[in-house]
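For reference, the structure is listed below as structure tokens.
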Amino acid sequence: MTSSRKVHIVGGGLAGSEAAWQLASAGVPVVLHEMRPVRGTEAHVTDSLAELVCSNSFRSDDAQNNAVGLLHEEMRRAGSLIMRAADTHKLPAGGALAVDRHGFSAAVQAALLAHPLVTLERAEVAGLPPAEWEITIIATGPLTSPALAEAIARLTGQESLAFFDAIAPIVHHESIDQTIAWKQSRYDKAGPGGGGADYINCPLDKEQYEAFVAGLLAGDKTEFKEWEASTPYFQGCQPIEVIASTGPQSLRFGPMKPVGLRDPRTGRRPWAVVQLRQDNALGTLWNIVGFQTKLKHGEQVRLFRTIPGLHNAEFARLGGLHRNTFLNSPRLLDSTLRLKARPSLRFAGQITGCEGYVESAAVGLLTGRFASAELRGETPSVPPVTTAMGALLNHITGGADATTFQPMNVNFGLFPPIEGTLRGKERKQALAARALSDFDRWLAPPRLAAE
């Protein structure tokens, strides 16, 4: 049954697109407001809905042993458009779910534009939504326009927090020296769409690694404005030079770790490895995994061409930075993501303080379901905290300490402990099994007493 009341969604990223799909699928008309291309951002390069601005990876797709893989599965079961598009446009990536970024975005946009209950308006919402918009979901992400961010800050009386997300470079495949680099996934692990040899690996010996680290630390970096100088980085998206500054071996235990890899030329594990992951369906573009950086572009080209196998590298995109703004959600939002100071406003995606593509889309999925339930006159049902969605939602809306709140990826540390003495893989599998069982019960429609 179609509702006569509309929901307005501000922001056409992953969270906003998923929220729109959930609402329209429930029979609720949606007006999706996206400011691009009328107003651009520092990181987007297209005007497409659900554009992936950083990595093209949705991370692990292992629903039994990994919390984000579990979140994938919960979203699939909830009819997620984001996961449907990701599965359709997946690329080889070992145990991860990587996607062709352009095919993925095009699929999301096409599905929404084809839905009779979705209207797309290309204009900036410069300030708080008007009072006549009965229900609004703000899903403007880490690049919320200054006018809207300032209006939210004035309404809540809270200072917005911010950090930088760093963007990794992308290399043309044909410019990689295949006589030095080789294809292999760690421990030859196969994943969705892959065959156990999905990454290109560039080996470094001890001398080469130490020279690379020295060059990285000495290279010219992007200068920040005064107001940006104290902005912290998200731990999971730190620039490589920030990691390197913590110690000379830190990169060997981070993005350049050689474990699970063997150089076919020597038969031995290298001292360090730079990995590249396929970035588009054609296989012509590969991103350097974990190499987010604030090095100036000229320095990036010079330094990255010292990596064995990349001495002739041609770059389709160099690394960069963008500012990320998010709410102090444990203090400002209720359990269904409504703003306490103005309950007609819900928030979704990275602006709530979740981190990652899938997490953002999952929070968008929840806001869509919560808003549709509200329009039916029902009390929105919150997923159990034992599920991946419920654990993430709980962290955002009160499980985290408001005085130290920082963005968070989904992880098993957010889940309530499971009874018994299980450890390691067995514990993760038990948590995942409990989560999916509880999630299915949450999804199931309530049974009538007469049934």
Are any residues in the stretch 224-247 closer than 16 Å to V274 by Cα and modelled with pLDDT of 90 or more, and if so, which ones? I240, E241, I243, A244
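Which count do you get for residues in the stretch 44-84 that are of a type in the set (D, E), in a loop (DSSP other than H, G, I, E, B) and modelled with pLDDT of 90 or more?
Taking the stretch 44-84 as the starting set, the residues that turn out to be of a type in the set (D, E) are 47, 51, 61-62, 73-74.
Cutting the leftovers down to in a loop (DSSP other than H, G, I, E, B) gives us 47, 51, 61-62.
Now drop any that are not modelled with pLDDT of 90 or more, which leaves 51, 61-62.
Adding up the residues that qualify gives 3.
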Being modelled with pLDDT of 85 or more and either in a strand (DSSP E or B) or surrounded by fewer than 18 Cβ atoms within 10 Å (Cβ to Cβ) (or both) is the filter here, so list the residues in the stretch 157-180 that pass it. I170, V171, H172, E174, S175, D177, Q178, T179, I180
Of (1) closer than 14 Å to L365 by Cβ; (2) of a type in the set (V, I, T); (3) open to solvent by 30 Å² or more (accessible area, probe 1.4 Å), I82 satisfies all except one. Which? (3)
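Taking the condition of being within 13 Å of A26 (Cα to Cα) and crowded, with 22+ Cβ neighbours inside 10 Å, how many residues in the stretch 370-400 meet it? Show your work before the answer.
Here is the first cut: in the stretch 370-400, the residues within 13 Å of A26 (Cα to Cα) are 370-376.
When the remaining residues are screened for being crowded, with 22+ Cβ neighbours inside 10 Å, the result is 370-372.
Count: 3.
Which residue, of R346, R369, is of a type outside the set (G, A, S), assigned to a strand (DSSP E or B) and at pLDDT 95 or above? Can you show your working first?
Working: R369 fails: assigned to a strand (DSSP E or B).
Matching residue, one of R346, R369: R346.
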Give me the pairs: first residue in the stretch 237-266 and under 23 Å from I180 (Cβ atoms) and in a helix (DSSP H, G or I), second residue open to solvent by 20 Å² or more (accessible area, probe 1.4 Å) and polar (S, T, N, Q), beta-carbon distance under 7 Å, and six or more apart or on different chains, which are they? I240/Q292; A244/S250
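So which residues in the stretch 401-430 are assigned to a loop (DSSP other than H, G, I, E, B), open to solvent by less than 70 Å² (accessible area, probe 1.4 Å) and at pLDDT below 85?
Taking the stretch 401-430 first, the residues assigned to a loop (DSSP other than H, G, I, E, B) are 401-407, 409-411, 415-423.
Among the residues that remain, those that are also open to solvent by less than 70 Å² (accessible area, probe 1.4 Å) are: 402, 405, 407, 409-411, 415-416, 418, 420, 422.
Selection gives A402, F405, P407, G420, L422.
The values are calculated or read from the model by the stated rules, or taken from the named source; none is laboratory data. What you see is a predicted model, and the numbers here were worked out from it, not measured in a lab. When we count neighbours, we look across all protein chains shown, and the Cβ atoms used for this are built from the backbone with ideal geometry, even at glycine. Note: accessible area is taken over every heavy atom of the protein model, side chains too, but ligands, DNA and RNA are not part of it. Shrake-Rupley method; radii C 1.70, N 1.55, O 1.52, S 1.80 Å.
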